[in-house]
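Read the structure below first, then the notes.
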Amino acid sequence: MRVLHLPIVICNQPWEISRALRRIGVEADYMILDDNDAGWVMPGRADYNLNVYHRSGKDYPYKILFDKQSFFLKALFKYDVFHYHSNYPIFDNFYDLKILKKLGKKIVVSYWGCDIRLRSINSKYQYSSCDFCIVSCREKEKNRRKNIFARYANLKIAHGPELLEYAPPKSMLLPLFIDTNFWQASSNFPKKKQETFKIFHSFGNMKDRGDIRSTKEIRKAVSQLKKEGKKIDFVFYDKVPNRELKKFYEQVDIVVTQLNYGTYGLTALEGMALEKPVIAYIREKYKKYFPDLPIIDANPDNILKVLRRVIEDKNKLAEIGKKSRQFVCQYHDSEILAKKLYQMYKSLY
């Protein structure tokens, strides 16, 4: 079985999935139309980059179409499974899906977040990332693309329980992937006591997306705690490659991530894999999917109270950190999930 993941950058997940499949013996590649200035989120290069957004010259639209067609023709002979991400086709008219269907190729589509999340639904919750998002939300277009892919896809995957609310019927749930071999604390990292309590928070591309992780509320809480005499170092990074962040994760006491999504993401998993306690907001209706989740629950309204409690009772953090690592290894390890995904692929034949 030969698998092609395509055609966009979405965090580092398509890349990580393709590499995890390789590690269990599946022939898997990753093609992107372009990194679209977001290549910093990928831990490695895609196997194919058609570079469609960074060209100049009056004839470049024709050359782009030619390059797409050439790649697609070769891919038809090479791959059996075409795993799309975020309802994004190779060609604007979706004729790649039509051709694949006619030729009996297997089509898989993964949903990751705002590709199917709808502001009209999400904003009804008390805490919602959509309330702070500054990106235009074209719901009709989202639904149109989702419905087209649903019509052609043999398998639909939602990578998180929250997304099942927006995904087409019969979508399967598969957790986020993380390489637990890379994301583990370095053995040579000095674990010495620090006078200051270090709080880690990061958000890629906040300037373009808005305060969807409640960064302002986290900063306010930290400022207030400093006024109260707490020795705190707030470690914040925006648009830094994940793998470069590892050394900063290792130096902190706790990771504070998204406070209004209602679920956890890659930042939380990276911190947890490094045995760091994590604070995030988990919506009550999703807790049934992970009853042993060791994340410390907080929202924009109580983050100050939660941080104060955590700092004043630091002795529990080491145990939470160990449970966090165990949770990630059990539910999110890339190779374990790659084996599950491979079985999903096999079920299509």
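Quick check on my filter: what residues within region 295-335 are assigned to a helix (DSSP H, G or I), without any contact (Cβ under 8 Å) to a residue 60 or more places away in the chain and within 20 Å of the chain's Cα centre (by Cα)?
Here is the first cut: in region 295-335, the ones assigned to a helix (DSSP H, G or I) are 303-312, 314-331, 334-335.
Right, trim to without any contact (Cβ under 8 Å) to a residue 60 or more places away in the chain and you get 305-306, 309-310, 312, 315-316, 318-324, 326-327, 330.
Matches in region 295-335: Ser324, Gln326, Phe327, Gln330.
Say we look at region 290-302 and pick out the residues that are surrounded by fewer than 22 Cβ atoms within 10 Å (Cβ to Cβ) and touching a Leu at 6+ places or on another chain (Cβ under 8 Å); which of these is nearest to Lys316 (Cα to Cα)?
If we take residues in region 290-302 being surrounded by fewer than 22 Cβ atoms within 10 Å (Cβ to Cβ) and touching a Leu at 6+ places or on another chain (Cβ under 8 Å), then Asn299 is nearest to Lys316 (Cα to Cα).
Can you give me the ranges of the strands (runs of 3 or more DSSP E) entirely in region 1-116 with at least 2 residues that are touching a residue at least 60 places away in the same chain (Cβ under 8 Å), open to solvent by less than 10 Å² (accessible area, probe 1.4 Å) and closer than 25 Å to Tyr349 by Cα? Outline the logic, then answer.
On the way: elements: 2-6, 27-32, 81-85, 106-111.
Counting at least 2 such residues, we get 2-6, 81-85, 106-111.
Determine the pairs where a residue that is within 22 Å of Met344 (Cα to Cα) and at pLDDT below 95, located within region 173-185, has a partner that is open to solvent by less than 40 Å² (accessible area, probe 1.4 Å) and of a type in the set (Val, Ile, Thr) with Cβ atoms under 6 Å apart, the partner being 6 or more residues away or on another chain.
Final answer for the pair search is none.
For region 34-67, enumerate the residues that are at pLDDT 80 or above and either β-branched (Val, Ile, Thr) or farther than 25 Å from Asp238 by Cβ (or both).
Asp47, Tyr48, Leu50, Asn51, Val52, Tyr62, Lys63, Ile64, Leu65, Phe66, Asp67
Any chance region 121-129 includes a residue that's over 28 Å from the mean Cα position of the chain (by Cα), open to solvent by 30 Å² or more (accessible area, probe 1.4 Å) and under 21 Å from Arg145 (Cα atoms)? So that I can check it myself, show each step before the final result.
Initial filter on region 121-129 (over 28 Å from the mean Cα position of the chain (by Cα)): none.
Checked region 121-129: no residue is over 28 Å from the mean Cα position of the chain (by Cα), open to solvent by 30 Å² or more (accessible area, probe 1.4 Å) and under 21 Å from Arg145 (Cα atoms).
Please list, ordered by first then second residue, the pairs with beta carbon atoms under 6 Å, 6 or more apart or interchain, first in region 150-162 and in contact (Cβ under 8 Å) with a residue 24 or more places away in the chain, second surrounded by fewer than 18 Cβ atoms within 10 Å (Cβ to Cβ) and part of a strand (DSSP E or B).
Partner pairs satisfying both residue conditions: Ile157/Met172; Ala158/Leu173.
Can you say whether Leu307 is in contact with a helix residue (DSSP H, G or I) (Cβ under 8 Å, 6 or more places away or on another chain) and either modelled with pLDDT under 95 or surrounded by fewer than 15 Cβ atoms within 10 Å (Cβ to Cβ) (or both), as far as the supplied structure shows?
Numbers: in contact with a helix residue (DSSP H, G or I) (Cβ under 8 Å, 6 or more places away or on another chain): yes; either modelled with pLDDT under 95 or surrounded by fewer than 15 Cβ atoms within 10 Å (Cβ to Cβ) (or both): no.
No.
For region 161-181, name all the residues that are hydrophobic (A, V, I, L, M, F, W, C) and either within 14 Å of Arg117 (Cβ to Cβ) or open to solvent by less than 50 Å² (accessible area, probe 1.4 Å) (or both). Full working, then the answer.
As a first pass, look at region 161-181 and keep what is hydrophobic (A, V, I, L, M, F, W, C): 163-164, 167, 172-174, 176-178.
Scanning region 161-181 gives Leu163, Leu164, Ala167, Leu174, Leu176, Phe177, Ile178.
Considering only region 252-266, how many residues are free of Cβ contacts under 8 Å to residues at least 60 places away in the same chain and open to solvent by 10 Å² or more (accessible area, probe 1.4 Å)?
Narrowing region 252-266 to residues free of Cβ contacts under 8 Å to residues at least 60 places away in the same chain: 252, 255-257, 264.
Checking which are open to solvent by 10 Å² or more (accessible area, probe 1.4 Å) leaves us with 264.
Of the residues in that region, 1 qualify.
Just give me the residues in region 103-120 being in contact with a Lys or Arg (Cβ under 9 Å, 6 or more places away or on another chain) and modelled with pLDDT under 95, in sequence order.
We begin by selecting, within region 103-120, every residue in contact with a Lys or Arg (Cβ under 9 Å, 6 or more places away or on another chain); these are 107-111, 114-118.
Passing the criteria: Cys114, Asp115, Ile116, Arg117, Leu118.
Given (1) of a type in the set (Gly, Ala, Ser); (2) in contact (Cβ under 8 Å) with a residue 60 or more places away in the chain; (3) not in a strand (DSSP E or B), identify the lone condition not met by Ser136.
Single failed check for Ser136: (2).
Quick one: is Leu274 buried (at least 20 other Cβ atoms within 10 Å of the Cβ), within 14 Å of Ile178 (Cβ to Cβ) and aliphatic (A, V, I, L, M)?
Details: buried (at least 20 other Cβ atoms within 10 Å of the Cβ): yes; within 14 Å of Ile178 (Cβ to Cβ): yes; aliphatic (A, V, I, L, M): yes.
Yes; evaluated as a whole, the condition is true for this residue.
Which numbered condition trips up Leu269, out of (1) assigned to a helix (DSSP H, G or I); (2) surrounded by fewer than 22 Cβ atoms within 10 Å (Cβ to Cβ)?
Among (1) assigned to a helix (DSSP H, G or I); (2) surrounded by fewer than 22 Cβ atoms within 10 Å (Cβ to Cβ), Leu269 violates only (2).
Check whether at least one residue in region 230-250 is under 30 Å from Arg23 (Cα atoms), open to solvent by less than 20 Å² (accessible area, probe 1.4 Å), at pLDDT below 90 and under 20 Å from the mean Cα position of the chain (by Cα), and report yes or no.
yes
The values are calculated or read from the model by the stated rules, or taken from the named source; none is laboratory data. A quick note: this is a predicted structure, and the numbers were derived from the prediction, not measured. When we count neighbours, we look across all protein chains shown, and the Cβ atoms used for this are built from the backbone with ideal geometry, even at glycine. These accessible areas exclude ligands, DNA and RNA; they are computed on the full protein's heavy atoms, side chains included. Shrake-Rupley method; radii C 1.70, N 1.55, O 1.52, S 1.80 Å.
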